[in-house]
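Q: Dropping the structure in here first, questions after.
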Amino acid sequence: MTAVRTAAAGLALLLAAACTAPTPPRSQASAAAGTACARPSGSLGAETPTTVDVIEQAYFCILDRYHAGAVLDARSLLAAGFLALTQELNRNGRDVPEAIMPALTGDRKADWAAFETAYRKVTDRVPDLRDKLAVTTLEAIVAALGDDHARWAHDAGRPPDSYDVDGYGLGLQVSVTSLQAGGDPGAAIPPLFVTAVQGGAAQAAGLRPGDIIEAVNDSAPFIDGRATPAVAALYPDYPEARPVELRLLRQATGRRWSVTLTPGLFPQDPAALRVVQSKLLEDDVAYVRLRGFASDAANRVFKAIARLRTGRTLSGVVLDLRDNGGGSPAETTRLLSAFGHGKVTAYQCTVDGECEAMRTDDTVELLGLPLVVLIGPGCPSACEHFSAAVKDLRLGQLVGTRTAGAVSGPASSYLLSNNTLLGFPSKHHLGPNREVIDRIGVPPDHHVPPTAEDAAAGRDPALAKALTLLHK
Amino acid sequence: MRQLLAVAAAGLTVLAASACTAPAPPRPAGAAATPTGPVTLPAPTGPHPVGTTVLYLKDTSRPDPWNLDADARELKVTLWYPTEQRDGQRAPYMTPKESELLLKGSKIVGVPYDTLSKTRTHAVKDAAPSGRGLPLVVLSPGFTKPVSTLTSLAEDLASRGYVVVGIDHPYESYVTALPDGRFAECIACDSDSDPGFGTGVVQGRAADVSFVLDRLPSEWDGSGRIDRSRIAMAGQSIGGASAMATLIKDSRVRAGIDMDGTTYARIPKGGFTRPFMFIGSPQHVPGGRDISWDRDWKLLTGWKRWLVLTGADHQSSTDLPLLAGALGITPAYGALDAKRAAELTRTYVAAFLDRHLKSQPQPLLDEPSADHPEVKFCPEACGRS
C-alpha cells in the first residue's frame, strides 16, 4: 500500500519535471548496448504485458541514467526485486522450490544474467502468474531506489465514465497529505482531521472541515504520536473501490458518529482547478494561489499581480503554495527572478559533484514588492526549490509548516519496450547553499500549523500571519 | 499495485502532462513548401447564392469569463444565408490584421502575415437575405481559431437554404475583431493546460450560444425568415464539444454535430434523446486514447452516428487544409486531400441537417457508401487504428 500512495502524488511531479529536464549526456551511454532506454517521443502506443525483457531494460536504464546509477550497488536492486517476487508467489499460495536468490558477484551484467535465469525458472513454473510477477518485481526494483521521483508509470487506467473535472476518491482532504500517507508520514502529527471537503462521498455524508477522524477502518490513525498505515486508505486510487469506514468527532458539538465512504468519481468546480488564482486582500495585498509550476506559470502570476496592482499601491504579495504539485524548474526560476537578480536558485548535480547552477533570469522585471510564501507538506519538488531559494536568498518570508521533502531532482521519463514510462532524476537537487532539501524539506520562518479548530471555523491563521507581516 | 498512474492525483497529473505538450500549430508535420498564392474556397454546392453579414452583441448580464477587466461578454456573430443577389462585393475571408494575429499566434512563418486575407470567398457582403421558414445552424470554431476557419462549410450550408450563425468567442481565439478597431487576443490560451479548462470553455460557449439565439430576432432584420423550431449546432474541436454542451443546456437546439472534438459536458445519467453525430479523424475511434466519445455514446439514446474519416486529421473539417498551400505547408503523407475533406464534411453535415431539420430521408447516413469509402461507421465498422 505504501508505495502506491507515494506514486499518486509523485507522478505529477515526474511528468511535469520531464518537460524541462535536460537530456542526459551521451557520455553516460549504456554498458549493455541495446538495452538502454530512450526518451519517449510522440504519443505512446498501447501498453503490452511486462516481461523479463522489460525488467532488464529498466534495470540497465536505471544503472545508465539514474543520477546515482554509476555508484549504486546493483545487487540491491536485484535483491529487492527477487524478494518481492517470492512474496508475491507466497501471497498467491504458489511458492516454488526453485525460488532461490542466485549468488551475485557485483558484475552488473553477469548478475543480471544470473537473476534472469533464476527468474525464468520460477515464472516457468507458474505461467498464469507471469504478468503479475513481472509487475511486482519491476515495481520493487524501482522502489528500491528509495527516491520519491523514481516512478514506473504503467497500466494507466482512467475510469471510463470520467470527465476532465472529476476527481477520484472519497472527496476529502485530511491533515496528513497523500504524499505523507503513502511515503514518509514522519512529519505528520495528530489529530487527523478533515481539511477540505471536495465532493463525492465525503460531501454526501455531511463531513465538514475540522471533523476529527478517530479511526479509519477501525484502526487508529496515530499510535504513540506516529501516523499508522491506516491513513493511506483515505486516498484510494482508481480502481480501488473498497468502502472506507471512518469514526468521526465534531468537537464543536461533541457528536461522535461513523460513516462509510465509497471511493468514486466526483465532479469539481473548474474555477477551483485553475493553476493560478488571484485576489486582492485588505485592499493592498496581492494574494496568488499557485497550484503547480506548469508551463507559463510564472508569466501568469506576473499578469495576475500586474492586474491587481493597476491603479493602487500594493504593500506586498502572498504566494500560497500549500497545495502546489511542483512542476518545471525553469518556471520556478523564472518566478524567483521577479524577486531577485544575479542569484543561483538551486544546483543540479551529478553523483560526482559536478553541479549546474540554475541562475535567475535577470531580464525578468523585478516586482519590488515584499513577498510572503505560504508553505506546508503539500509543497513538494519544484515548490521546495522555490521555497528554499526564497529562504536562502532572503527574497521573502516563509509562513506555515515544513515542505514535503520530496525534491530528489528533476525527473526525466524513459520509454520501455512495453510502452510504459520509467521516470527518475538524472541529477540531484541542492539548494542555493548546496544543502540537501530532499527528504528534509524547507522549514518556515514563521511556524503556523493548521489546527482542527481553525479548519472548523474557516480560519486561515497562516494567511493571517502573512498579512500581519506585510502590514508591519 | 496497478495504481501508479493514480487518479487521486488526476488533476495535477493531467495538468503536468498537458503542460508538456503545447497545442500544436495547424498541420505541424508538414514540411515547408513554396507558398502557392491565394486560395479560392470551393464553390458552394447548393442552389442559392449566399450572403453574409457581421453582428456585434454584448451580454451585460455576465462578465467576460477570460478578461477579468470586462464586465460584459461581447460576441462577434457572422451570418451566412441564402440571398437572391448573385453579384456584389465578396466578403473578405478576414482582414490583414486578423490574418496577422492568427498566423503569429499559430507560429506560422515564411509567408506574408496578410496571406489569409487574400483568400477568396463566395458570399456577397451584406446582401439582402431571401427565403422563408429557414432552418438555422450555429457554428462554433476550434480553440484559438476564428469562426472564419469554417467558411467553406458555412457558405455551402447557406447555399442549401440554411441560416448559418457563426460565433466568435472572444479571448478563446488568437484573434477576434471587436467594434472600434479592438482585437481580443487569446487570454484563454494562458490557462489551456489547466485541469477543468475544457469544461469551463464549453460552459461559457453554451451561454454564448443561448444569448445569441435570444438576441438574434432583435439584432438581425433577416430573423423573420428563420423557423425557430428548427435549430441545430455544429462545431469543430472544442466547438463540437460546445455543441454537445449547448444541446444539453438549451432545448431550442434540436440536434448537434461534433467534428473531432473531445467532449466535456455531462450528459444526464438517464440519457439524452436529441439527435447527435460525431465526425472524427482516426484519433477518435472507439477504444482510442480519448475516452470521451465512448463515454458519451452510451448515454446518447436517440438517433446517433459516429463517423470516422480515413486519412482525416483534426483540422480536416476546417478550411485549414485548403489553405495549407497558401501558407507554404505540405500536407502529411497519406493525408486526406483537402478538397475531398471539404466535400466529405459538407456532404455529411448537410445530410445530418437535412434529415433532422428538414425531415428528408438520408440513405447516406444509414450505411457505408461506395462513393464515400473514407467514411467508416463506428463503433460497429471501424477498428482501433
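Just so it is clear, none of the values below were taken in a lab; they were calculated from the coordinates. This structure is a prediction, so every number in the text was calculated from the model and none was measured. So basically every Cβ, Gly included, is an ideal-geometry build from the backbone, and we count neighbours across all protein chains shown.
Q: Taking the Cα centre of the protein assembly as shown as origin and charging only Cβ (+1 Lys, Arg; -1 Asp, Glu), how large is the dipole, in debye to the nearest 20?
A: Dipole about the Cα centre, nearest 20: 1040 debye.
Q: Quickly estimate the mean residue ellipticity at 222 nm for chain A, helices only: each DSSP H run with n ≥ 4 gives -39500 (n - 2.57), and the total goes over all residues, rounded to 500.
A: So the calculated ellipticity at 222 nm is -9000 deg cm²/dmol.
Q: Do you know the relative contact order of the range A:412-472, to the nearest whole percent, from alpha carbon pairs under 8 angstrom that are 6+ apart?
A: Over the range A:412-472, the number comes to 16 percent.
Q: Now a separate question. Which entries in the list B:LYS249/B:LYS269; A:LYS343/B:LYS104; A:LYS343/B:LYS107; B:LYS58/B:LYS249; A:LYS279/A:LYS465 go over 22 Å, if you measure between the two C-alpha atoms of each?
A: Long pairs (Cα-Cα over 22 Å): A:LYS343/B:LYS104; A:LYS343/B:LYS107.
Q: Quick one: A:ILE62, A:ILE189, A:ILE100, A:ILE375, fewest Cβ neighbours within 10 Å first, how do they rank?
A: In increasing order of surrounding Cβ atoms, one gets A:ILE100, A:ILE189, A:ILE62, A:ILE375.
Q: Hey, another quick one. What FRET efficiency do you get for A:THR451 and B:SER229 if R0 is 35 Å and r is their Cβ-Cβ distance, rounded to the nearest 0.05?
A: 0.05
Q: Which is farthest toward the positive dipole end of the range A:116-175 among A:HIS154, A:GLY167, A:THR136, measuring Cα position about the Cα centre, with Cβ charges +1 (Lys, Arg) and -1 (Asp, Glu)?
A: About the Cα centre, the residue reaching furthest to the positive side is A:THR136.
Q: Let me ask you something else. Would you mind getting me the FRET efficiency between B:TYR113 and A:ASP352? Use the beta-carbon distance for r and R0 = 41 Å, nearest 0.05.
A: That gives a FRET efficiency of 0.20.
Q: Here is a follow-up. Averaging sequence separations of C-alpha pairs under 8 Å and six or more residues apart, then dividing by the length of chain A, give the relative contact order as a whole percent.
A: Relative contact order comes out at 18 percent.
Q: In chain A, with Lys and Arg counted as +1 and Asp and Glu as -1 at Cβ, which of these residues, A:PRO185, A:PRO209, A:VAL54, has the Cα nearest the positive end of the dipole, that is, farthest along it?
A: About the Cα centre, the residue reaching furthest to the positive side is A:PRO209.
Q: Do any GluC sites (Glu not before Pro) in the range A:263-354 lie in a DSSP loop with no more than 12 other beta carbon atoms within 10 Å, and if so, which?
A: A:GLU282, A:GLU354
Q: I've got another one for you. Please arrange A:LYS391, A:LYS279 by counting, for each residue, the other beta carbons lying within 10 Å of its beta carbon, fewest first.
A: Exposure proxy ranking, most exposed first: A:LYS279, A:LYS391.
Q: GluC sites (Glu not before Pro) within the range B:71-101: which are DSSP loop residues with at most 15 other Cβ atoms inside 10 Å?
A: Taking the range B:71-101 and a limit of 15 other Cβ atoms within 10 Å, the loop GluC sites (Glu not before Pro) found are B:GLU84.
Q: Shifting gears a bit: If r is the Cβ-Cβ distance from B:LEU68 to A:MET101 and R0 is 60 Å, what FRET efficiency results, to the nearest 0.05?
A: 0.45
Q: In nm, to one decimal, how far is the modelled label at B:ASP126 from the one at A:ARG226, with both set 7 Å along Cα→Cβ?
A: About 8.2 nm, to one decimal.
Q: Same structure again: If the range B:329-385 were replaced by its equivalent ellipsoid, with semi-axes equal to the square roots of 5 times the Cα gyration tensor eigenvalues, what would those be, largest first, whole Å?
A: Three semi-axes, in Å: 24, 16, 9.
Q: Right, next: Please list, short to long, the whole-number percent of alpha-carbon pairs of the protein assembly as shown in consecutive 10 angstrom bins beginning at zero.
A: Each 10 Å bin holds this share of Cα pairs: 2, 12, 20, 22, 20, 14, 7, 2, 0, 0.
Q: May I ask which residue of A:SER417, A:GLY254, B:VAL202 lies farthest towards the positive end of the charge dipole of the protein assembly as shown, with charges of +1 (Lys, Arg) and -1 (Asp, Glu) on Cβ and the Cα centre as origin?
A: Highest projection toward the positive end goes to B:VAL202.
Q: By how many nm would the segment from A:VAL436 to A:ASN92 grow when fully extended, if each residue of separation counts as 0.36 nm and the alpha-carbon distance is taken off?
A: Value of the extension gain: 119.7 nm.
Q: Let me ask another. From the mean inverse distance of alpha carbon pairs (Kirkwood) and the Cα radius of gyration, derive Rg over Rh for the range B:96-195.
A: 1.01
Q: For the range A:94-177, what log10 I(q)/I(0) values come out of the Debye formula at q = 0.11 1/Å, with one point per alpha carbon and no solvent?
A: -0.53
Q: Scan chain B and report its longest stretch carrying no trypsin sites (Lys or Arg not before Pro) that are both in a DSSP loop and have at most 13 other Cβ atoms within 10 Å.
A: Here the longest run is B:133-268.
Q: Same structure, new question: Just subtract the alpha-carbon distance of A:THR310 and A:ALA70 from 0.36 nm times their residue separation and send over the number in nm, one decimal.
A: Full extension of this stretch gives 81.1 nm more.
Q: In terms of the Cα gyration tensor, with a ≥ b ≥ c the square roots of its eigenvalues, is the range B:244-350 rounded because a/c is under 1.5, prolate because a/b exceeds b/c, or oblate?
A: Cα axes put the range B:244-350 in the prolate bin.
Q: Defining a contact as two alpha carbons under 8 Å apart and six or more residues distant in sequence, what relative contact order in percent does the range A:166-267 show?
A: Taking the mean separation of contacting Cα pairs over the length of the range A:166-267, I get 34 percent.
Q: In addition: Let me know the charge dipole size of the range B:134-191 about its Cα centre in debye, to the nearest 20, where only the beta-carbon of Lys, Arg (+1) and Asp, Glu (-1) is charged.
A: The dipole magnitude comes to about 160 debye.
Q: Right, another one. Just to be sure I understand: if I project the alpha-carbon convex hull of the range B:32-378 onto a plane and average over all orientations, what area do I get in nm²?
A: 16.7 nm²
Q: Now a separate question. Whole number please: convex hull volume per residue, Cα atoms of the range A:270-470, in Å³.
A: Expressed per residue, the convex hull around the Cα atoms of the range A:270-470 is 143 Å³.
Q: Where in the range A:416-463 are there trypsin sites (Lys or Arg not before Pro) that are in a DSSP coil and have at most 15 other Cβ atoms within 10 angstrom of their Cβ?
A: Of the trypsin sites (Lys or Arg not before Pro), the ones in loops of the range A:416-463 whose Cβ has at most 15 other Cβ atoms within 10 Å are A:ARG434, A:ARG459.
Q: Find the all-direction average of the projected area of the Cα convex hull for chain A, expressing the result in square nanometres with one decimal place.
A: Averaging across all directions leaves 24.1 nm² for the Cα convex hull.
Q: Starting from the coordinates of the alpha-carbon atoms of the range A:412-467, obtain the Kirkwood hydrodynamic radius over all distinct pairs and give the value in Å to one decimal.
A: 15.6 Å
Q: Further, regarding this structure: Can you run phi through the Karplus equation (6.51, -1.76, 1.60; θ = phi - 60°) for the range B:365-375 and list ³J(HN,Hα) in whole Hz, with x for Gly and Pro?
A: Values, residue by residue: 8, 8, 6, x, 10, 5, 7, 10, x, 5, 8 Hz.
Q: Looking only at Cα atoms, what is the convex hull volume of the range A:166-267 per residue, in Å³?
A: Each residue corresponds to 87 Å³ of Cα convex hull volume.
Q: Continuing with this model, one more query. Roughly how many debye, to the nearest 20, is the charge dipole of the range B:133-234 about its Cα centre, given +1 on each Lys and Arg Cβ, -1 on each Asp and Glu Cβ, and no other charges?
A: Using only the charged Cβ atoms, the result is roughly 420 debye.
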